[in-house]
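A.B. asks: Handing you this structure, nothing more for now.
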Amino acid sequence: MRAWRALALATALGCAAGGKREPVRPPPTGGAPEAPDRPEERGVPPRGERPRVPASPEALLAPGAVGEIQDALRDRGYLGAHRRGELDRATSAALRRFQEAQGLAATGAPDRETLRRLHVDPARAYGRDEGSGGGS
Amino acid sequence: MRRRTARRLAVALGILLVLGIAARLALDPIATWRTRKVLAGLEGMRGTFSDVEIRLLALSYVIHHLRIVKLGAGGEALPYLEVERAELGVYGKELLRGHLVAGVELRRPKLNLLVGKARERTQAAKEAPEAGRGLEALAPFRIDRAEVKDGELLWVDGREPEKPRLWFHGIEATLENFATRAALARREPTVLAARATLQRSGTVSVFATADPLAKQLTFAGQGAVTGLRLAELGELLDAKTDLVPERGTLDLYVRFRAEDGRLSGGVRPLVKDAALKAGAPDLGTRLEAMLADASLHLFSDERGGKEVVATTIPIEGRVKGPQVQAVPTILGVLRNAFVRGLAGGLSGLPPPKAKEKQGTLEQARRALSPGHGPPRAQPKKGARR
């Protein structure tokens, strides 16, 4: 019994000390999207409780989410020069490299599982305030 | 007292361990039997596999070397679907949050589509749901996420003697939010993202979202093919037109949207530095090739030393039978022969819609006048903008 207690205590201490911690990032700020949506990318706007149906990955993400994804990729060494706030070629290529390293399908698009592994909250990344430009 | 308790505990643990091992040993044969039974129930198809594996710790179920053959069409030589490894599993983290969410991962799937002269010699994409239903029947839970890694899709036109083909490979794709309660609660659409190589040089990317529970088809998205060398479409073009591209590249951009079953969008092919020659030696085909080649040169614009021909093809219609509008398409080719502002990429798609339906002559007058923009998609008769 003493041995079990010692093991449990050691485990708890180990968790508390922690390994490499992920940097704490502030949640994305509200307001205008980093790269304003082009009208043709908005797709089908939401009606009532129905989801919006955007035509591009940028239009699927909430304001600030692209920047958060870029920060996460840069922190892990996958992203170099890029256009901040846009899902440009460099960001898409970095996403592909990250997805390959994680054993995920390398589409270059920010799907739910990719966001989770980047420690970007998918609910926040996709959760648009419909009043600030989520619909057309 | 303590020793008796400890002994009882050890015996109980021992029994549990034996039962666990027995159950684990029985699982694989049961899974194999079940898989064989489901595959035997596929209509018009026969399914085989090499091995089935249950992974308790990963909460998943793996089928190795799955093969589905359509009886009578491609047969064993060209199976309808081959998958090196199909894994169906439950997402542990979602389970901890109280959501039963399952996913399927297909590693090196290969789908072979064959257009034959007779229906029974055809392997069509519309039969894929039958195979998909078979796979889904193997999963004890509703699937919310599907992933494809290193996939292939081969389309062969068996009606032509040359048997031209289109080959998509290196397919990486994800499909999420199949209308499980978790996704609906979040008000998220179904999302498809995919990337592949077409023939040898073309890069394909697709992104689309859909409302899975809308009463009529509701979806939107975009796609692109870039850098495809026209020579790699030589067999197909030769078979269909007797023209063979000598050089040139094709970029193709498409954006689409369907709301309540109404489809709209635009397709912009950009043909760069193209030249054609006759595939067949007869005079008629040689003249056709010369005219086509001349029109490419005459009606193209010089950009960076390369001739580029571009047009925007509107797409309008019901999703059951979307029609690519012929008149605006033809006029667009002529008009864009004098391309002034060559806009690559997705900007400007879809083309704007005309306020009122225009007659053919009016469309021609506007399209060929320098002061007007590209051809506009025509509204349906009686429809308002």
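The values are calculated or read from the model by the stated rules, or taken from the named source; none is laboratory data. All values reported here derive from a predicted model rather than from experimental measurement. Reconstructed Cβ throughout: ideal geometry from the backbone, glycine too, with neighbour counts over all protein chains shown. All accessible areas refer to the heavy atoms of the entire protein, side chains included, with ligands and DNA or RNA removed. Shrake-Rupley method; radii C 1.70, N 1.55, O 1.52, S 1.80 Å.
A.B. asks: To the nearest hundred square angstrom, how large is the accessible surface buried between A and B, total for both chains, probe 1.4 angstrom? Each step should come with its number before you reach the end.
C.D. replies: Details: alone 8630 and 22580 Å², together 28440 Å².
Approximately 2800 Å², summed over both chains.
A.B. asks: What number comes out for the charge environment of B:A31, summing +1 per Lys or Arg and -1 per Asp or Glu over other residues with Cβ under 13 Å away? Provide the component values of the computation, followed by the final result.
C.D. replies: Details: positive: B:R24, B:R34, B:R36, B:K37, B:R55; negative: B:D28, B:D51, B:E53, B:E87.
Summing Lys and Arg as +1 and Asp and Glu as -1 gives +1.
A.B. asks: For B:Y61, B:Y91, B:Y80, what's the largest-to-smallest order of accessible area, 1.4 Å probe? Write out the running numbers ahead of the final one.
C.D. replies: On the way: B:Y61 25, B:Y91 60, B:Y80 0 Å².
Greatest to least solvent exposure: B:Y91, B:Y61, B:Y80.
A.B. asks: Moving on to the next point. Got a sec to turn the phi values of the range B:200-214 into Karplus ³J(HN,Hα) couplings, 6.51 cos²θ - 1.76 cosθ + 1.60 with θ = phi - 60°, whole Hz, x for Gly and Pro?
C.D. replies: Couplings: 10, 10, x, 9, 10, 9, 9, 9, 8, 10, 8, 9, x, 10, 5 Hz.
A.B. asks: Hey, what's the range B:1-86 come to in accessible area per residue, 1.4 Å probe, Å²? Working shown, then result.
C.D. replies: Working: 5750 Å² over 86 residues.
Spelled out: the 1.4 Å probe surface of the range B:1-86, per residue, equals 67 Å².
A.B. asks: Per-residue HN-Hα couplings for the range A:86-97, Karplus 6.51 cos²θ - 1.76 cosθ + 1.60 at θ = phi - 60°, whole Hz, x for Gly and Pro?
C.D. replies: 10, 7, 7, 4, 5, 5, 5, 5, 5, 4, 5, 5
A.B. asks: So what's the gap between the Cα centers of the range A:49-82 and the range A:98-130, to the nearest angstrom?
C.D. replies: Cα centroid to Cα centroid, the span is 8 Å.
A.B. asks: May I pose another question? Run the dipole for the range B:1-84 about the Cα centre, Lys and Arg Cβ at +1, Asp and Glu Cβ at -1, nothing else charged, and hand back the magnitude in debye, nearest 20.
C.D. replies: On the way: 13 positive and 7 negative charges, 209 e Å.
Approximately 1000 debye in magnitude.
A.B. asks: Volume per residue, Å³, of the convex hull around the alpha-carbon atoms of the range B:1-54? All intermediate terms of the calculation are to be shown ahead of the outcome.
C.D. replies: Numbers: hull volume 3.3 nm³, N = 54.
So the per-residue Cα hull volume is 60 Å³.
A.B. asks: Right, something else. Per residue, how large is the accessible surface of the range A:38-89? Use a 1.4 angstrom probe and give square angstrom.
C.D. replies: Numbers: 2230 Å² over 52 residues.
Ligands and nucleic acids excluded, the figure is 43 Å² per residue.
A.B. asks: For the range B:49-59, take each phi angle, set θ = phi - 60°, evaluate the Karplus expression 6.51 cos²θ - 1.76 cosθ + 1.60, and give the result in whole Hz per residue in order, putting x for glycine and proline.
C.D. replies: Per residue, the Karplus-derived 3J(HN,Hα) values read 7, 9, 6, 10, 9, 9, 10, 5, 5, 8, 6 Hz.
A.B. asks: Accessible area of B:I54, 1.4 Å probe, to the nearest 10 Å²?
C.D. replies: My reading of the accessible area for B:I54 is about 30 Å².
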